[in-house]
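J.: After the structure tokens below, expect a handful of questions from me.
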Amino acid sequence: MRALTSFLLAAALLPSAVHAASDFAAVRASFRTSESVLLDRHGEPLHELRTDPTRRRLEWVPLDRVSPALVAAVIVAEDRRFHEHGGVDWTAFLGAAWDNLVGGRRRGASTITMQLAAMLDERLRAGAGGRSFAQKWRQARAALALESHWRKEEILEAYLNLVSWRGELQGVAAAARGLFDKHPGGLDREESALLAALLRAPNATPSVVARRACALPAAEGEVWDCERLERLAALHVGAKPRIRARLDAAPHLARTMLGRGAAATARTTLDAGLQRFARDALVRHLAALAGRNVEDGAVIVLDNSTGDVLAYVASSGDLSGASEVDGITAGRQAGSTLKPFLYADAIGRRLLTAASLLDDAPLHLATPVGLYVPQNYDRSFKGMVSVRTALGASLNVPAVRTLVAGGVEAFHERLRSLGLASLDRPAEHYGYALALGGADVSLIELTNAYRALANGGEWRPVRFAPEDEPGPGRRALDPAAVFIVSDILADRGARALTFGLESPLVARSWAAVKTGTSKDMRDNWALGFSDRYTVGVWVGNFSGEPMWDVSGVSGAAPVWQEIMNRLHRSEPSRAPAPPPGVVVRRVRFDGELEAARDEYFLAGTEMTEVLIAGTPTRPRIAYPGDGTIIAVDPDIPAAQQRVVLRASGAGSSGAWQIDGRPAGDADRVALWAPAPGRHRLALLDAGGREVDAVRFEVRGAPYSGRVR
């Protein structure tokens, strides 16, 4: 007893570490979760992302939202006389001090208030060897000070939100979600008992936790099913704590805007309702394509006037085998989606009009790496078509002819001015394939370039946060040419040749849209705009595997259509008015090649009649193309090797000549026995006049007779 009295007298003389300055409101205000939250433009939570790797804290939970069963269990487990003492349970405190000094046993006797005082002041926390007597006394004095300033309900609330439960779980919200996937208000009495039993030994085995939990009701004279508690402990306490995100609408943008570091919130330009709708539309449509080897997709929606990103769906989530990849910023082959910019550039430079005729016939272009032979999607040719039809029906050969006329370098520079910064190689690297999207671009770049079409050819950067200042814009395309191209993209008649009059490219109100499909169906796109919004959709596989019979009109377009219709469900989109410099003329096509129509022109380029010089589809050589190199296989007998001579075009009856010698009739497929050397192939009409000619080369030694 003398030792205890000496200790109390000495401890009373020690400086006090009273936490009287700690105010409940200040403690609650300083509470920080380990999660950062992404908010939409209206302040609605969109996504929850862990940004503090040191501990797991969720939201602060008011006491009246905690299960009464948990509150009661915690008091029984930690401080039965909590409502009776003033911060220190002196009976337990002095008994513990006596045992510690005389009996040599370690006893805590810390009340809930004393434990809270240690949470609020790190100087009062126990070290590796426990607390010293002096430290314990200061903790008691701090608890007394807290009780004189705080209400009991405030002490309980702060304690439940600051105490550690198991592993990295801190606070009642993290404990309830991490172990039972529940809100603290939904915990039943058995779950509450298990949580209360964890407070003494947060890392105890499930069986130990279950025994302690079963002792709690026994102390109150109740009898519980302890075997059931053991099963629950094994299931929930024994498993690794897992907190599933309950807000997961924008994971990729959350990682970009929140990152790692201090917990915070970030407000975006996204619209929560539209974000979830776009995500669900993408997932639903991809699920409908099951069996066609397609699992990935992405959607972005932009506000035309502000550049605000209204929806940012960067993957298909659980459908994807690589859901962490951001499909909005990843580069993929553009397919036919670059054609509107090609024609807008040509019309703006007055190289073409919407009524100009282009020849959709076989084309062979020599390049430094070989012969470039563009083909249409359906492997057929349409002959002479207008620019309106060529763009609307997405014909490939006319687009390549347009690029040849305008120049690859000029088009490459135009695309760069439209924000396609991913085209970072010299123009010659892409060559003529640039007309057909033979280059990697990102969905966000491409969609914002289409937004430039919606804004009359003016490009401006996008915006992710409402507080961001609008970036500087630039004039990228002639507004009059953009209007004409936009009118073509909204013309279902212009696209009917390939897509028909009714397709997923038709929205409920005015919209201009273009699809694209890359080589081997590895990517497909649908990009389009209304008077207020621009929507971009990509569908494919992050792995690069080709899809099976999925094109832009069947893969991405239905998602685009659904989102565009939702955007204008209450207010229809209206077609833009012609800008200055655009005139309308009634155009008639010679030979009724296309139906007469009212057509838009840049002032000074208008016409009323389109005449065709000569036969609309004059005979020409389809194969071999000019500059073709044919290799003879020396291991195949010469009698079994032939070159197919093929003509195309109306009135292709006539004859073939090779090096001035007859080589068969041109009205049917001719077979020619190849001879090494350089040759000239000529196509003659029925009157013997030469209408087309190419040069080609045959390489390789004749058949050797050896068998390998």
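The values are calculated or read from the model by the stated rules, or taken from the named source; none is laboratory data. As the structure is a computational prediction, the values presented were derived from the model and not from experiment. Reconstructed Cβ throughout: ideal geometry from the backbone, glycine too, with neighbour counts over all protein chains shown.
So that you can scan it fast, the table gives a plain yes or no per residue for (1) surrounded by fewer than 19 Cβ atoms within 10 Å (Cβ to Cβ); (2) in contact with a strand residue (DSSP E or B) (Cβ under 7 Å, 6 or more places away or on another chain):
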residue: Ala281; (1), (2): no, no
residue: Ala290; (1), (2): yes, no
residue: Val294; (1), (2): no, yes
residue: Thr306; (1), (2): yes, yes
residue: Ala314; (1), (2): no, yes
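J.: Then there is this: Could you please let me know if Val537 is modelled with pLDDT under 95, outside the structural domain of Val462 (by TED's automatic domain parsing) and closer than 22 Å to Ala334 by Cβ?
T.: no
J.: What's the number of the only condition in (1) in a loop (DSSP other than H, G, I, E, B); (2) surrounded by fewer than 16 Cβ atoms within 10 Å (Cβ to Cβ); (3) at pLDDT 90 or above that Ala26 fails to meet?
T.: (1)
J.: Among the residues of the range 235-246, is any in contact with a Cys (Cβ under 9 Å, 6 or more places away or on another chain), under 30 Å from Leu194 (Cβ atoms), part of a helix (DSSP H, G or I) and of a type outside the set (Phe, Trp, Tyr)?
T.: No, because not a single residue in the range 235-246 is in contact with a Cys (Cβ under 9 Å, 6 or more places away or on another chain), under 30 Å from Leu194 (Cβ atoms), part of a helix (DSSP H, G or I) and of a type outside the set (Phe, Trp, Tyr).
J.: Now for a separate question. For the range 417-438, state whether one or more residues are more than 30 Å from Thr269 (Cβ to Cβ) and touching an Asp or Glu at 6+ places or on another chain (Cβ under 6 Å).
T.: Scanning the range 417-438 turns up at least one residue that is more than 30 Å from Thr269 (Cβ to Cβ) and touching an Asp or Glu at 6+ places or on another chain (Cβ under 6 Å).
J.: Additional query: When you scan the range 77-84, do you find a residue that is part of a helix (DSSP H, G or I) and in contact with a helix residue (DSSP H, G or I) (Cβ under 9 Å, 6 or more places away or on another chain), even just one?
T.: Among the residues of the range 77-84, at least one is part of a helix (DSSP H, G or I) and in contact with a helix residue (DSSP H, G or I) (Cβ under 9 Å, 6 or more places away or on another chain), which makes the answer yes.
J.: Within the range 433-486, how many residues turn out to be under 20 Å from Pro578 (Cβ atoms), free of Cβ contacts under 8 Å to residues at least 40 places away in the same chain and surrounded by fewer than 19 Cβ atoms within 10 Å (Cβ to Cβ)?
T.: Adding up the residues that qualify gives 2.
J.: Further question: Out of the helices (runs of 4 or more DSSP H) lying entirely within the range 404-501, which hold 2 or more residues that are closer than 23 Å to Lys519 by Cβ and in contact with a Gly (Cβ under 8 Å, 6 or more places away or on another chain)?
T.: 443-454, 492-499
J.: Sticking with this structure for a sec: Taking Asp549, is it farther than 17 Å from Val441 by Cβ, surrounded by fewer than 24 Cβ atoms within 10 Å (Cβ to Cβ), at pLDDT below 95 and of a type outside the set (Ser, Thr, Tyr)?
T.: Considered against the rule, which asks whether it is farther than 17 Å from Val441 by Cβ, surrounded by fewer than 24 Cβ atoms within 10 Å (Cβ to Cβ), at pLDDT below 95 and of a type outside the set (Ser, Thr, Tyr), Asp549 comes out as yes.
J.: Please give the number of the condition Ser509 fails out of (1) modelled with pLDDT under 95; (2) farther than 23 Å from Asp326 by Cα.
T.: (1)
J.: Do you know which residues across the range 50-70 are surrounded by fewer than 22 Cβ atoms within 10 Å (Cβ to Cβ) and in contact with a helix residue (DSSP H, G or I) (Cβ under 7 Å, 6 or more places away or on another chain)?
T.: Hits for the range 50-70 are Glu59, Trp60, Val61, Pro62, Leu63, Arg65, Ser67, Ala69.
J.: Right, something else. Can you find, within the range 72-90, the residue that is modelled with the lowest pLDDT among those that are over 12 Å from Pro217 (Cα atoms) and crowded, with 18+ Cβ neighbours inside 10 Å?
T.: Asp89
J.: Which condition number in (1) under 27 Å from the mean Cα position of the chain (by Cα); (2) assigned to a strand (DSSP E or B); (3) in the same structural domain as Gly581 (by TED's automatic domain parsing) is the one that Ala366 fails?
T.: Here Ala366 clears every test but (1).
J.: Determine, yes or no, whether Val385 is buried (at least 22 other Cβ atoms within 10 Å of the Cβ), assigned by TED's automatic domain parsing to the domain that holds Gly493 and of a type in the set (Val, Ile, Thr).
T.: yes
J.: Pick from Arg279, Arg292: which is of a type in the set (Lys, Arg), assigned to a helix (DSSP H, G or I) and within 30 Å of Ala557 (Cα to Cα)?
T.: Every option except Arg279 fails the conditions.
J.: Then there's this: Can you tell me how many residues within the range 163-172 are at pLDDT below 95 and either over 21 Å from Ala117 (Cα atoms) or in a helix (DSSP H, G or I) (or both)?
T.: 1
J.: Among the listed residues Leu363, Leu357, Leu351, which satisfies the condition of being closer than 21 Å to Thr517 by Cβ and not hydroxyl-bearing (Ser, Thr, Tyr)?
T.: Within the list Leu363, Leu357, Leu351, the selection yields Leu363.
J.: Restricted to the range 369-402, and to residues that are among the small types (Gly, Ala, Ser) and either modelled with pLDDT under 85 or in a strand (DSSP E or B) (or both), which residue is nearest to the chain's Cα centre (by Cα)?
T.: Selected residue: Ser380.
J.: Quick one: would you say Ala234 is more than 23 Å from the chain's Cα centre (by Cα), farther than 17 Å from Val71 by Cα, modelled with pLDDT of 90 or more and not basic (Lys, Arg)?
T.: The answer is yes for Ala234.
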